[in-house]
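Peer 1: Here's a structure for you.
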Amino acid sequence: MKFKIFILCLFLIIALINTGFAGDLQFHGRASNSLYSYEDTTSHTKVYQFVRFSVESPSMSNFSLNVSLRALSDLNVTLDEDLRFKAYNLNLEFKKLFNRMDLVLGRQFLHPGTVLGGLDGLYTKFRFTKKISLSAYGGVESHFNRSLKLYKFDDSFTAGGLFEWRKLFCSNLQMFYLQKTNTEDMYWQLAGLNLQNSLIPRTNLRVQAHYDLLNSRLHRLLASARVKLNKKIALSLGYKNQHPQVYANSYFTIFEVNPYQQYKLGANYHLSKNFFLSGQYQLLQFDTETANRVFLTFNNMNGSIGLVYESGYAGEQLGVIFDYAYSITPKLLASINIDYSRYKTEKIYEFENEIANAVRFSYRFLKRWTADLEYQWLTNRFKESDSRLLNHIHFRF
């Protein structure tokens with residue numbers, strides 16, 4: 001009930017801001033109401049309310065309040081509070097304090113040189129010069145389902161830092177440290193560097209080297225290069241060696257994850273200003289098994305159509321993907337997505353067919369109001385027909 005009152009107060013404040021009753025405060029964001037209807041063993045009609053906004057004041061230009069919340073109701077099933085309400089961002093941000101420092105306090109999303117995710121705590125960034133900065137953060141991981149609950153420090157303490165040096169001999173350099181602990185012990189301790197370089201003409205290089213201090217092993221090694229041969233042709237090469245970074249409270253702990261190596265070779269060819277072909281080959285290597293992937297797509301400014309072929313340890317698959325959007329009128333946008341897969345499993349040794357489709361219409365009926373209607377359906381041997389209906393109403397302020 002308290003959370004409902006809080007949401008109602010937020011929408012009331014938004015209304016006051018847009019009618020000029022809230023002084024010099026400025027709101028920027030979006031509010032949405034979505035309807036999601038589908039059937040499995042029973043019928044479900046879910047209603048979502050989502051609001052994302054920032055509050056600023058010209059008299060306090062360095063300060064802002066950032067909020068991103070979601071509420072859910074199922075008209076057929078009673079949900080508990082943890083499933084009904086989520087907070088993705090809820091923080092106070094102070095920018096350019098003394099023209100040097102940024103501070104963010106509260107729930108926030110961070111990617112400080114490596115995967116981190118949600119943090120309930122403090123983040124600070126200090127700029128020594130326009131090119132050199134040092135960041136530090138500490139707190140607890142955000143609740144795994146983004147509810148309003150907070151973990152205890154003993155259960156999920158997180159801390160780290162990031163050093164950045166931009167435009168160093170046509171390079172951007174990052175060096176970071178990250179550690180995570182729970183009640184038992186430290187379970188992640190990573191250090192590494194990221195480098196982007198464009199010193200060689202028409203060539204962009206990228207390197208990531210991350211080391212697992214806790215297990216004394218290389219955690220992640222990524223090297224990629226993109227070379228623009230001429231106005232029409234570009235080539236790309238890539239290599240990645242990765243140990244999956246699954247945290248103790250992650251949903252993905254239910255899977256058995258393995259380290260792997262990935263090799264990539266790709267090319268783009270521009271047929272004209274608005275049309276180009278894209279192709280890529282990938283080789284995946286696990287400890288005892290391998291897999292191959294081939295992608296070929298035809299693209300323009302409105303979308304793409306492509307073929308995907310996969311073979312190896314997980315079986316054989318051929319897929320067709322079509323994704324296209326078209327403006328019927330300046331206010332009405334139609335889009336369609338078709339995903340066809342034909343795959344051969346190792347155990348059954350027969351081909352299975354699956355088709356997944358989606359059609360969507362978006363209509364802007366006022367300057368700040370947009371309505372979306374989307375229908376999804378798929379067919380396979382398990383489901384003769386499985387469909388979804390989604391409706392969204394967005395208000396931008």
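Peer 1: If you check K86 against the conditions, is it assigned to a strand (DSSP E or B), touching a residue at least 12 places away in the same chain (Cβ under 8 Å) and exposed (fewer than 13 other Cβ atoms within 10 Å of the Cβ)?
Peer 2: Values: assigned to a strand (DSSP E or B): yes; touching a residue at least 12 places away in the same chain (Cβ under 8 Å): yes; exposed (fewer than 13 other Cβ atoms within 10 Å of the Cβ): no.
Answer is no for this residue.
Peer 1: Restricting attention to the stretch 298-309, does a residue exist that is on the phi > 0 side of the Ramachandran plot and within 25 Å of the chain's Cα centre (by Cα)?
Peer 2: yes
Peer 1: For the stretch 180-188, check the following and say yes or no: at least one residue is among the aromatic types (F, W, Y) and not in a strand (DSSP E or B). Full working, then the answer.
Peer 2: Step one: of the stretch 180-188, the residues among the aromatic types (F, W, Y) are 187-188.
Next, from what is left, pick out any that are not in a strand (DSSP E or B): none.
There is no residue in the stretch 180-188 that is among the aromatic types (F, W, Y) and not in a strand (DSSP E or B).
Peer 1: Same structure again: I need the full set of residues from the stretch 199-212 which are touching a residue at least 24 places away in the same chain (Cβ under 8 Å) and either in a strand (DSSP E or B) or surrounded by 15 or more Cβ atoms within 10 Å (Cβ to Cβ) (or both), in order please.
Peer 2: T203, H210, D212
Peer 1: On to the next question. Mind telling me which of the residues Y343, Y313 ends up being farther than 30 Å from F395 by Cα, modelled with pLDDT under 75 and surrounded by fewer than 14 Cβ atoms within 10 Å (Cβ to Cβ)?
Peer 2: Numbers: Y343 fails: surrounded by fewer than 14 Cβ atoms within 10 Å (Cβ to Cβ).
Every option except Y313 fails the conditions.
Peer 1: Then there's this: Do we have any residue at all in the stretch 138-150 that's surrounded by fewer than 19 Cβ atoms within 10 Å (Cβ to Cβ) and modelled with pLDDT of 95 or more?
Peer 2: Taking every residue of the stretch 138-150 in turn, at least one turns out to be surrounded by fewer than 19 Cβ atoms within 10 Å (Cβ to Cβ) and modelled with pLDDT of 95 or more.
Peer 1: What residue, among those in the stretch 94-120 that are surrounded by fewer than 19 Cβ atoms within 10 Å (Cβ to Cβ) and aliphatic (A, V, I, L, M), is farthest from H219 (Cα to Cα)?
Peer 2: Looking at the filtered set, the residue picked out is L97.
Peer 1: Any residue in the stretch 268-290 that is among the hydrophobic types (A, V, I, L, M, F, W, C), surrounded by 14 or more Cβ atoms within 10 Å (Cβ to Cβ) and modelled with pLDDT of 95 or more?
Peer 2: Yes, because at least one residue in the stretch 268-290 is among the hydrophobic types (A, V, I, L, M, F, W, C), surrounded by 14 or more Cβ atoms within 10 Å (Cβ to Cβ) and modelled with pLDDT of 95 or more.
Peer 1: Go through F169, F126, F109 for me and flag whichever is at pLDDT below 95, in contact with a strand residue (DSSP E or B) (Cβ under 9 Å, 6 or more places away or on another chain) and not in a loop (DSSP other than H, G, I, E, B).
Peer 2: None of the other options fit; the residue is F109.
Peer 1: A further question follows. Taking the condition surrounded by 13 or more Cβ atoms within 10 Å (Cβ to Cβ), of a type in the set (A, V, I, L, M, F, W, C) and either modelled with pLDDT under 90 or assigned to a loop (DSSP other than H, G, I, E, B) (or both), does L318 pass?
Peer 2: Considered against the rule, which asks whether it is surrounded by 13 or more Cβ atoms within 10 Å (Cβ to Cβ), of a type in the set (A, V, I, L, M, F, W, C) and either modelled with pLDDT under 90 or assigned to a loop (DSSP other than H, G, I, E, B) (or both), L318 comes out as yes.
Peer 1: Kindly list, by first and then second residue, each pair from a residue in the stretch 168-186 that is free of Cβ contacts under 8 Å to residues at least 40 places away in the same chain and within 14 Å of V115 (Cα to Cα) to a residue that is hydroxyl-bearing (S, T, Y) and in a loop (DSSP other than H, G, I, E, B), limited to pairs with Cβ atoms under 9 Å and residues at least 6 apart or on different chains.
Peer 2: That search, which allows pairs on different chains as well, returns nothing.
Peer 1: Residues of the stretch 129-147 being more than 23 Å from the chain's Cα centre (by Cα), assigned to a strand (DSSP E or B) and not hydrophobic (A, V, I, L, M, F, W, C), which ones? Don't jump to the end; show me each part of the working.
Peer 2: In the first step, residues of the stretch 129-147 are kept if they are more than 23 Å from the chain's Cα centre (by Cα); the result is 129-134.
Subsequent filtering for residues that are assigned to a strand (DSSP E or B) retains 132-134.
Residue satisfying the conditions is S133 alone.
Peer 1: Just to be sure, is V77 over 23 Å from Y137 (Cα atoms), touching a helix residue (DSSP H, G or I) at 6+ places or on another chain (Cβ under 8 Å) and either surrounded by fewer than 16 Cβ atoms within 10 Å (Cβ to Cβ) or modelled with pLDDT of 90 or more (or both)?
Peer 2: When the stated conditions are applied, V77 does not pass them.
The values are calculated or read from the model by the stated rules, or taken from the named source; none is laboratory data. It should be emphasised that the depicted structure is a prediction, and the values quoted were computed from it without experimental measurement. Because the Cβ atoms are built from the backbone with ideal geometry, glycine has one as well, and the counts that use them run over all protein chains shown.
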